[in-house]
Amino acid sequence: MPASEELIHLDSITKVYGAGDGAVAALQEFSLTVASGESLAVMGPSGSGKSTLMNILGCLDTPTSGRYWFAGQDVSRLNETELAHVRNRRIGFVFQQFQLLPKLSAWRNVELPLLYRNVRDRRSLALQALDQVGLSNRVDHRPSQLSGGQQQRVAIARALVTNPDLILADEPTGNLDTASSRDVLAVIRELNEQGRTIIIITHDPEVAPVAQRTVHVRDGRLVEQVAA
Amino acid sequence: MSLLKTIETGLRSLLGHRLRSVLTTLGILFGVAAVIATVGIGQASSDSVTARITSLGTNLLTISAGSTVSAGVFGGAGSANTLTMADVRGLQDKVSAPDIGAVAPVTQGRASIVSSSANWSTTVSGSTDGWLVTNTRTIGSGTFFNANDVATRAQVIVIGTTTASNLGAGVGDIVLVKQIPFQVVGVLAPVGSQGFGNQDDLAVIPITTAQDELFGGGVQRILLSATSAGTIGSAYLEANQILLQTHHLSDPSQADFTITTQTQVLSTAQAVTQTLTILLASVAAISLLVGGIGVMNIMLVSVTERTSEIGLRKALGATPVDLFRQFVIEAGMLTALGGLLGVATGLAVGYIVPRAANIAVTITALPVLVAVGVAVVVGLIFGVYPALRAARLAPIEALRAQ
Ligand SMILES: Nc1ncnc2c1ncn2[C@@H]1O[C@H](COP(=O)(O)OP(=O)(O)O)[C@@H](O)[C@H]1O
Ligand SMILES: [Mg+2]
């Protein structure tokens, strides 16, 4: 059994897409451990399997084989509804394309994950999260009225509003200019300094130093581990 | 997600596509309104047919010439004039027909009546003094002609109020029917229009006079009244027995006459209107079904359009059940709204049509409830498939869809 201070323990995970001749092994015998409170950057070229890794880490998809323990629980064999509960209660996502709903104001977007766990006081929790990312003066703005950096910060607020164990960011600065990237990375670093576990997936060497540790993925395999 | 929040989210999405939602709603609206209006019109015509027929009295029998039982052989009802005055005398025999009250033979045609001031064409019936009772009519002024008038071929006439006012004639005046002078001895009390034409526009003369001077020898129909509503069955059997005798028929299946009771007429008429109502309502129900398919179509479009939103919601923790509920409720809201507006439209039709056109509409609670219920069920059924699609979308596929 994995040690208790481990938040994430991947044990020779393999993910195969398709079947027969067209089968693609996006991850092969992939093992990784992430401690609680750690920040990790996952780097690798396009097509190396980073997004596949993120989907499995985020409980958005299940591995073809191997075991995945999340906070001591084996989540590799959960059904869709159980995975939805894990995502809702323990994981916050930040996507490259922000993934905000265009018709909802900033705080309504931040409120979304709370709708699926029936919490009261959703507005004040959302406002608190927006305050943490420095957007308390933009709560009623729609995504279209915000800059790219501000939109990504709304998305970060949405990721942390549920007080998750893990924040997973897939190319969070991929669609941002340098200045906005710096803002967003500063927010992420701050969250980690407050003790939150963070995994950033990126192919941008400028981003990786934000994390304490960097791992490289190539052809679906872990190739080296570098301490920051 | 709470039900209230699900409804709020659904409303937001429906309002986000206002025109589309309105058009989808219209499909259900017309379906529901059509069901309510057609059933309402059917109900009204059934009611009025029933009212007309029961107003004629439930103890009445009509004997007509010809047989409907073996129509192929005898050539259909009324094809041959097999009824005679001898039949009438037989039916009037109190010994063999104790349950038959009044008997009135009728021969009828259209004729022009000329008064001193006007000329008016109407239905002229030749009959006997039994006419009043067997038609459940009463005299308004003057008198009806009596048995003696019939025996003596008196040239007397009783007219309806419409006929009287069109002719400008009253009791005591002389009018001409086919150049033959008749004295008006009575004017019938009015009954108003009952749908079978204007029952106040008619004239009645002694049948003997009619046979000799106007329409020739036959008897077209014989109207009977049973002594009470309770004896109608035995009156029927007596009439049948007497006519078989006077027509020298030993086999009842060879009967060259047909006896109908008002109850038979009533149930036939009700069956006909009911069939028509069901037919019309089925057509309307099909339009409801088409409306339901419209809802399904729009919900499928909505699921496709919102694939990435569905993926995001799933990533944030929405379960398949949450998404299923979301889309079923949206479909349900579209149809419920269409159903309610359809009821309003149906009621409006029920209010306007009787005033604009001369068509009665009777709206009762049952078809309204059924139409709305069916609309909502249709919406839910047709919403289920799109909702299942939404619930089954894999979050990673859905997120990639952008
Ligand atoms: N849904 C899928 N079906 C089939 N092949 C896939 C699918 N997703 C990813 N792949 C393949 O798996 C490999 C890894 O993809 P991905 O994890 O997206 O890499 P990265 O995010 O590093 O670019 C690629 O070869 C890609 O084509
Ligand atoms: Mg990728």
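Summarising the amide proton neighbourhood of B:A102: residues at separation of 5 or more, or on other chains, whose placed amide H is nearer than 5 Å comprise B:S225.
Buried on complex formation within the range A:50-73 (loss of at least 30 square angstrom of accessible surface versus the isolated chain, 1.4 Å probe, ligands and nucleic acids ignored): A:L60.
On the basis of the beta-carbon distance and an R0 of 60 Å, B:N358 and B:S2 show a calculated FRET efficiency of 0.65. At a 1.4 Å probe, what is the % contribution of carbon and sulfur to the accessible area of the protein assembly as shown? After summing per-atom areas, the C and S share lands at 57 percent. Computed with a 1.4 angstrom probe on protein heavy atoms, the B-A interface buries about 2200 square angstrom of accessible area in total.
The stretch between B:T138 and B:Y351, if pulled fully straight at 0.36 nm per residue, gains 73.1 nm over its current Cα-Cα span.
The relative contact order of chain B, computed from alpha carbon pairs under 8 Å that lie at least 6 residues apart in sequence, is 29 percent. If R0 is taken as 35 Å, the Cβ-Cβ distance between B:A189 and B:Q245 corresponds to a FRET efficiency of 0.40. Here the Debye sum runs over all C-alpha atoms of the range B:83-255 as equal scatterers in vacuum, and log10 of I(q)/I(0) at q = 0.11, 0.13 Å⁻¹ comes out as -0.48, -0.66. For the range B:83-255, the solvent-accessible area of protein heavy atoms averages 43 Å² per residue (probe radius 1.4 Å; ligands and nucleic acids excluded). Protection proxy ranking for A:174-182, B:38-46, using the average of other Cβ atoms within 10 Å per residue and placing the highest first: B:38-46, A:174-182.
Per the Debye formula on identical point scatterers at the alpha carbon atoms of the range A:1-68, with no solvent, log10 I(q)/I(0) at q = 0.27 Å⁻¹ is -1.34.
Per residue, chain A exposes an accessible area of 43 Å² to a 1.4 Å probe, with every protein chain left in place. 3J(HN,Hα) couplings calculated from phi for the range A:76-93 with the Karplus curve 6.51 cos²θ - 1.76 cosθ + 1.60 (θ = phi - 60°) are, in sequence order, 6, 10, 6, 7, 4, 5, 5, 5, 4, 5, 4, 4, 5, 8, 10, 10, x, 9 Hz; Gly and Pro show x. Considering only B:G338, B:G317, B:G373, the mean-square fluctuation computed in a Gaussian network model of chain B, springs between alpha carbons under 10 angstrom, is largest for B:G317.
Counted over the range B:287-402 with a bin width of 10 Å, the fraction of Cα pairs per bin, in whole percents, is 15, 34, 24, 15, 8, 4, 0. Projecting the Cα atoms of B:G172, B:V39, B:Q264 onto the dipole axis of chain B, where Lys and Arg carry +1 and Asp and Glu carry -1 at the beta carbon, places B:V39 farthest toward the positive end. Judged by the gyration tensor of its Cα atoms, with axes a ≥ b ≥ c, the protein assembly as shown is prolate; a/c meets the 1.5 cut and a/b is the larger of a/b and b/c. The mean count of C-beta atoms from other chains within 10 Å of the C-beta of residues in A:80-89, rounded to a whole number, is 5. Straight-line cross-link reach from A:K15 at under 18 Å between alpha-carbon atoms covers these lysines, not counting any fewer than eight positions away in the same chain: A:K50.
The charge dipole of the protein assembly as shown, taken about its Cα centre with unit charges on the Cβ atoms of Lys, Arg (+1), Asp and Glu (-1) only, comes to about 1180 debye. Measuring r between the beta carbons of B:R12 and B:Q264 and using R0 = 60 Å, the FRET efficiency lands at 0.45.
The range B:263-355 gives an Rg/Rh value of 1.25, both radii derived from C-alpha positions and Rh following Kirkwood.
Evaluated with a Cβ-only charge set (Lys, Arg +1; Asp, Glu -1), chain B carries a dipole of roughly 1960 debye about its Cα centre, given to the nearest 20. Seen through its C-alpha gyration tensor, with square-root eigenvalues sorted a ≥ b ≥ c, the range A:124-228 comes out prolate because a/c lies at 1.5 or above while a/b is bigger than b/c. Span-like helix criteria (full DSSP H runs; alpha carbon extent of at least 27 Å along the helix axis; mean Kyte-Doolittle hydropathy of at least 1.6) are satisfied in chain B by B:365-392.
Ellipsoid fit via the Cα gyration tensor, chain B: semi-axes of 68, 24, 15 Å, each the root of five times an eigenvalue, largest first.
Anything losing 10 Å² or more of accessible area from the isolated chain to the full protein assembly: pick those residues out of the range B:288-331, probe 1.4 Å, ligands and DNA/RNA ignored. With the partner chains in place, the range B:288-331 has these residues losing at least 10 Å²: B:E309, B:L312, B:R313, B:K314, B:A315, B:L316, B:G317, B:A318, B:T319, B:P320, B:D322.
Contact order, relative form, for the range B:83-255: 32 percent (alpha carbon pairs under 8 Å, 6 or more residues apart, mean separation divided by residue count).
A straight Cα-to-Cα reach below 28 Å connects A:K103 with the lysines B:K5, B:K314, residues fewer than 8 places away in its own chain not being considered.
The values are calculated or read from the model by the stated rules, or taken from the named source; none is laboratory data. This structure is a prediction, so every number in the text was calculated from the model and none was measured. For neighbour counting, all protein chains shown are included, and Cβ atoms are generated from backbone atoms with ideal geometry for every residue, glycine included. For the accessible areas, the whole protein counts, side chains as well, though only heavy atoms, and no ligand, DNA or RNA atoms are used. Shrake-Rupley method; radii C 1.70, N 1.55, O 1.52, S 1.80 Å.
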